[in-house]
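*Asks:* Mind having a look at this structure? Questions to follow.
The values are calculated or read from the model by the stated rules, or taken from the named source; none is laboratory data. These numbers were taken from a predicted model, which means no experiment stands behind them. A quick note on method: Cβ atoms are made from the backbone with ideal geometry, for glycine too, and the neighbour counts reach across all protein chains shown.
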Amino acid sequence: MNMLRTALPRLLLALTGVGGLAAAAGARADSHVSVGVSLGIPLPHGYAEVEVGREHYYYHRGVFYRPGAHGYYVVRAPRGAIIRELPPYYSRVYIGGGIFYRYGDVYYQSCPGGYVVVDPPTTVVVNSAPATVVTAAPAASAVAPGKGDDYQSVWVGEVEYQFKDGQFFKRTPEGLVWTPAPQGAITKTLPGDARSVWYQDVEYFECDEVYFRKTPDGYKVVDAPWKK
């Protein structure tokens with residue numbers, strides 16, 4: 001047992017050294033399954049840590065975060081950030097013989113280890129049918145976080161939340177802050193990749209361990225009854 005206690009710190013140190021070499025080589029994304037990092041301030045379930053140079057970010061479902069005074073704030077996607085998987089419902093874009101991947105106003109290209117955030121092309125051709133030529137959206141660095149029209153306003157009592165792709169946010173003077181799904185919140189729509197879950201002849205919908213139940217007013221955030 002004493003030998004194990006002695007060897008474990010050495011093993012952790014070795015693994016940390018390997019991670020340091022990877023970070024020095026460029027951007028890095030490490031997946032996690034916990035729901036919080038430090039000081040009891042939560043992050044979305046299944047977030048990933050991303051390093052761009054000396055800057056440290058957290059990433060989840062196409063959104064990048066940085067820590068702040070009141071939680072983790074939505075920030076512009078940093079150029080050069082590498083993620084392992086593309087966010088849900090991205091668009092494939094062709095231009096100049098190259099392939100881009102677009103989610104919102106953020107563009108990615110494939111690279112070793114995943115997909116890297118790049119500057120948007122000037123003109124893009126989207127693989128819709130029929131194919132159309134459109135002008136690219138402004139660069140992500142020029143778009144204020146939390147100002148997009150795809151956020152849905154949701155009220156729980158006197159508290160307003162912003163809802164997008166299964167995630168809830170609060171507006172602050174500094175920008176949007178991620179928050180755990182509030183019980184009782186009713187949304188107009190479900191995330192596109194929500195999955196159906198049946199329990200005792202009742203259908204629920206799950207996305208990132210948040211559960212919804214259809215009501216006459218919309219989709220209500222509820223506790224999973226089988227977890228009570």
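Residue by residue, here is whether (1) modelled with pLDDT of 90 or more; (2) at negative phi; (3) in contact with a Ser or Thr (Cβ under 9 Å, 6 or more places away or on another chain) holds:
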| site | (1), (2), (3) |
| --- | --- |
| 25 | no, yes, no |
| 62 | yes, no, no |
| 79 | yes, yes, yes |
| 95 | no, yes, yes |
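*Asks:* All but one of (1) surrounded by 17 or more Cβ atoms within 10 Å (Cβ to Cβ); (2) part of a strand (DSSP E or B) hold for residue 197; which doesn't?
*Replies:* Result: residue 197 passes all but (1).
*Asks:* Within segment 73-93, which residues are more than 12 Å from the chain's Cα centre (by Cα), under 26 Å from residue 195 (Cβ atoms) and part of a strand (DSSP E or B)?
*Replies:* 91, 92
*Asks:* Can residue 140 be described as surrounded by fewer than 18 Cβ atoms within 10 Å (Cβ to Cβ) and modelled with pLDDT under 85?
*Replies:* Numbers: surrounded by fewer than 18 Cβ atoms within 10 Å (Cβ to Cβ): no; modelled with pLDDT under 85: yes.
No; evaluated as a whole, the condition is false for this residue.
*Asks:* Would you be able to say whether some residue in segment 36-46 is outside any loop (DSSP other than H, G, I, E, B), modelled with pLDDT under 95 and either farther than 30 Å from residue 210 by Cα or aliphatic (A, V, I, L, M) (or both)? Spell out how you get there, then give the answer.
*Replies:* Of the residues in segment 36-46, the ones outside any loop (DSSP other than H, G, I, E, B) are 36, 42.
Next cut, modelled with pLDDT under 95 only: 36, 42.
Retained after the next criterion (residues that are either farther than 30 Å from residue 210 by Cα or aliphatic (A, V, I, L, M) (or both)): none.
Looking for residues that are outside any loop (DSSP other than H, G, I, E, B), modelled with pLDDT under 95 and either farther than 30 Å from residue 210 by Cα or aliphatic (A, V, I, L, M) (or both), one finds none in segment 36-46, hence no.
*Asks:* Restricting the search to segment 94-117, which residues are closer than 22 Å to residue 150 by Cα and part of a strand (DSSP E or B)? Write out each step before concluding.
*Replies:* Keep residues of segment 94-117 that are closer than 22 Å to residue 150 by Cα, which gives 100-108, 117.
100, 101, 102, 103, 106, 107, 108, 117 - these are the residues of segment 94-117 that are closer than 22 Å to residue 150 by Cα and part of a strand (DSSP E or B).
*Asks:* OK, next. Kindly establish whether residue 120 is at pLDDT 95 or above and either surrounded by fewer than 16 Cβ atoms within 10 Å (Cβ to Cβ) or under 30 Å from residue 179 (Cα atoms) (or both). It would help to see each step written out before you state the result.
*Replies:* Details: at pLDDT 95 or above: no; either surrounded by fewer than 16 Cβ atoms within 10 Å (Cβ to Cβ) or under 30 Å from residue 179 (Cα atoms) (or both): yes.
No, not satisfied.
*Asks:* Return the residue satisfying two criteria in turn: it lies in segment 200-228 and is under 26 Å from residue 89 (Cα atoms) and either out of contact with any strand residue (DSSP E or B) (no Cβ under 9 Å at 6 or more places or on another chain) or aromatic (Phe, Trp, Tyr) (or both), and of such residues it is surrounded by the most Cβ atoms within 10 Å (Cβ to Cβ).
*Replies:* Looking at the filtered set, the residue picked out is 212.
*Asks:* For segment 67-74, check the following and say yes or no: at least one residue is out of contact with any helix residue (DSSP H, G or I) (no Cβ under 6 Å at 6 or more places or on another chain), in contact (Cβ under 8 Å) with a residue 60 or more places away in the chain and among the aliphatic types (A, V, I, L, M).
*Replies:* Within segment 67-74, the subset out of contact with any helix residue (DSSP H, G or I) (no Cβ under 6 Å at 6 or more places or on another chain) is 67-74.
Pick out the ones that are also in contact (Cβ under 8 Å) with a residue 60 or more places away in the chain and you get 68-74.
Within this subset, residues satisfying the condition of being among the aliphatic types (A, V, I, L, M) are 69, 74.
Yes: segment 67-74 contains one or more residues that are out of contact with any helix residue (DSSP H, G or I) (no Cβ under 6 Å at 6 or more places or on another chain), in contact (Cβ under 8 Å) with a residue 60 or more places away in the chain and among the aliphatic types (A, V, I, L, M).
*Asks:* Hey, another quick one. If you go through segment 166-186 one residue at a time, how many are under 19 Å from the mean Cα position of the chain (by Cα) and within 13 Å of residue 219 (Cα to Cα)?
*Replies:* 3
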